[in-house]
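Notes follow once the structure below has been shown.
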Amino acid sequence: MPLHKDDPKSVGGYKLVDRLGSGGMGVVYWGRSRSGRDVAVKVVHAQYAEDKVFRARFRHEIESVRKVSGAFTAPVVDADPEAIRPWMATQYVPGSSLAERIRDHGALKGAELRRLALGLVEALEDIHRAGVVHRDLKPANVLMAEDGPRVIDFGISRAAENHQTLTETGQMIGTPPFMSPEQFTDARTVGPASDVFSLAALLVFSATGRGPFDADSPYLTAFRVVHEAPGLDGVPQPLRAVLERCLVKEPADRPRLDVLAKEFAEALPEPDPMDPDTTTLRLADLKAVEETYGGADPATVTGLPKPRGRTRRGRRPLLVTVGTLGAVSLGLLGYIRFGPGFSDTPQETSSVAASGATRWSAVPKDWQAWQSTMFETARSGEVHPLAKAGEDTSDATCQTYENAVYCAGNTILPVRLDGRTGATVWRSALATSAEGADSSGHSFTLLGVRDDAMILQHDVFAADGSTSSSIVALDTETGDQLWARDRGAPSADQLLAGDLVMTPDTSGRLVTARSPRTGTDLWTTQLPAADYCTFETADSRLYAYCFPDDGSKDAVLLELNKTDGTVRRRLSTPNGSGLLGTVDGRLAVAVAVNGGSGPARLEENTFDEIRLLDPDTGATTTSRLTQTYKSSIRLAAGTVWITGANGQVTAVSPLTGKQLWQTRTSAEDSGRPTYDPTTHTLYLASISGRVAALDSRKGTLLWETGARADQLASGETTKSKVSLDGGAVVVNTPNGAVFSLDPAHPEG
């Protein structure tokens, strides 16, 4: 995130480059020393800096965590507890958090889950050896680095031998879904066994996508942690038996970390490198499904735990810190001791949540089913649309972002719709009739929404036949233009990669990476001559996927350093291929039949094989598909899903190429399916607005809807797109229709 205008430029001699995040106790910055060393700098909030008790605690914590240094922790490299605003700097670890990894790619399994479990055990051993108890082990505090997990945020740790004095104020620290019972009932008794409990809760979340005590409020979560058995549906044996012992209520009955290391190694065996584990993993998945549903059809089963609700930045657990404790502590402790009904404050729940748990997530608060178009009158900005419904408005697409829907297309001015009601909030004035341009003279391509900025490509077609193109960022709140840069030759595509906007120059060879919000020039890299490149991200790595224009040689995958754009690795892959994502740490590439020149389009090419590339060594394995598929193709949760023009959906193993299941739907000519890892549901929509939902593990057709679009789009079109907004489903069709439905009541 870019620095705020009131953020310091440097702290303790470290130049501040960006914000990494903000928590209850302070702000974390990405800093850089004079020698170029990257660090994470945590600066305490001003209100806590004035608190003598907090400052003493912070000073003691720094002394304690300086003792912690291991392969799976981020050690302290510098600190000043006596500064006006105390700060400390830790090793900078590039990579997304475990919470982001699971939110974006689904639950872990196999070698990835083994690596996480054993790495966290080793990290806790280092922490406890230094006499420190972490107290807030949760997915957001685990970074998924290239060489293994890293435990971070010791800013709220305690020295085990001196914790009693420092907790006399009654301050409770932790995140309810991952806290131990003793953290709720008596913080003074918290010791290393508390971290073992949190570790087990975190691993349940990692293996299933939901915590063992998930509930609709922190009060109910706390009550379940203290009084109820954990929910372990979906955790396969023998790992389940190990985690059950870690989640017992009595700290003395939980296993020690040295015992856990051996048991995790046995429960999560290392895969045999001579025998690809696709079949093993798939059988394990099916076994987990059987254990979860008891052999019943998933569509008929109720009573499964619901995931947590959506916050402003995604699905994250509610953080209870010193700053928020005063508002909830009395009701929370009373609720824990006496059960539901103790607190006088009513809890807000949606209609779905109130009706009892189902396989579906609760829709957002104040949401209602709605249907609209991209042509409705806007409240602000350009009130009336550039084009009208029924005109040539092909290629319209939308994306959800923080309770709103952002859309654009050919002759469709960028608009923001209220995700709760469907009302048009604003329409951009990037092109108006005052410019004297014909309505067919503008096209808008939605690249994505990042950091409160809507990123677009704006093409203007002049009367003489020439075209000018620019990359534009709009403020998501107002629709006002934040910045714009001319786009050069069309030698690059997929210009929004992760949190970077890639802008080619006039030659097409030099590409500059920019900040989505500010347009700041971060670095520039040079692309291969006579190549057409797309920019992709996979497992937090940035790639330029470059194809020779004449198809004379293989394509090349260039891994770029995200901080300076330098090439870290070069990998070779067939021309006429497309990057799907990663499987067990390897890059998965779909190869089009007979290759071809340029990148394969994952929504229309015919594919006959999947190649897996080791991103570090370039070693390649090939899985031939049992048949060719002219379809839209997507990879998620270790499975390739293929949707055909006739509405047929096929699940394929990317490791063996074998078909896992096949189901026919009425959503014909649909685009790439959308996967919801929380509910294990696949969604697809036809260009007429028919929507189908399938159980991703068995292929069971859960429901279908009728057509929703008034008329079909004309000419060359994109496909309809399904997006997720909390528990609600948002669909847009190429002709500009947009609607939102509750998957628990799709015809409501």
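The values are calculated or read from the model by the stated rules, or taken from the named source; none is laboratory data. Only a predicted model underlies this, so the values are computations on that prediction, with no experimental measurement involved. Note that we place each Cβ from the backbone using ideal geometry, even for glycine, and neighbour counts take in every protein chain shown. Note: areas computed on protein heavy atoms with side chains; ligands, DNA, RNA excluded. Shrake-Rupley method; radii C 1.70, N 1.55, O 1.52, S 1.80 Å.
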Ranking request for peptides 242-250, 130-138, 85-93: highest mean number of other beta-carbon atoms within 10 Å first, then the rest in descending order.
130-138, 85-93, 242-250
Could you order the peptides 635-641, 8-14 from most to least packed, using the average number of other C-beta atoms within 10 Å per residue?
635-641, 8-14
What residues qualify as long-range amide H neighbours of Leu386, i.e. H under 5 Å apart, gap of 5 or more or another chain, H built at 1.01 Å from N?
Leu413
Spelling out what I want: for every residue of the range 496-512, take phi, set θ = phi - 60°, compute 6.51 cos²θ - 1.76 cosθ + 1.60 (Karplus), and round to whole Hz; glycine and proline get x.
10, 10, x, 9, 10, 9, 9, 10, x, 8, 5, 6, x, 9, 9, 10, 9
Sequence-distant or interchain residues sharing an amide H contact under 5 Å with Asp78, placed H: which?
Ala89
Give me the tail of P(r) for the range 443-588 as a percent: Cα-Cα pairs with distance above 25 Å.
30 percent
What figure, in Å² to the nearest 10, do you get for the accessible area of Asp7 with a 1.4 Å probe and non-protein molecules left out?
10 Å²
Which ³J(HN,Hα) values in Hz, rounded to whole numbers, follow from the phi angles of the range 461-478 under the Karplus curve 6.51 cos²θ - 1.76 cosθ + 1.60, where θ = phi - 60° and Gly and Pro get x?
9, 7, 5, 7, x, 7, 10, 10, 9, 9, 9, 10, 10, 10, 5, 5, 7, 10
Per-residue HN-Hα couplings for the range 231-247 [Karplus 6.51, -1.76, 1.60; θ = phi - 60°; Hz; x = Gly/Pro]:
x, 10, 4, x, 8, x, 6, x, 4, 4, 5, 5, 5, 4, 5, 6, 9
When you count, for each residue, the other Cβ atoms within 10 Å and take the mean per peptide, how do 667-673, 57-63 rank with the highest first?
667-673, 57-63
Spin-label model distance (nm) - Met1 vs Arg601, 7 Å beyond Cα toward Cβ
3.9 nm
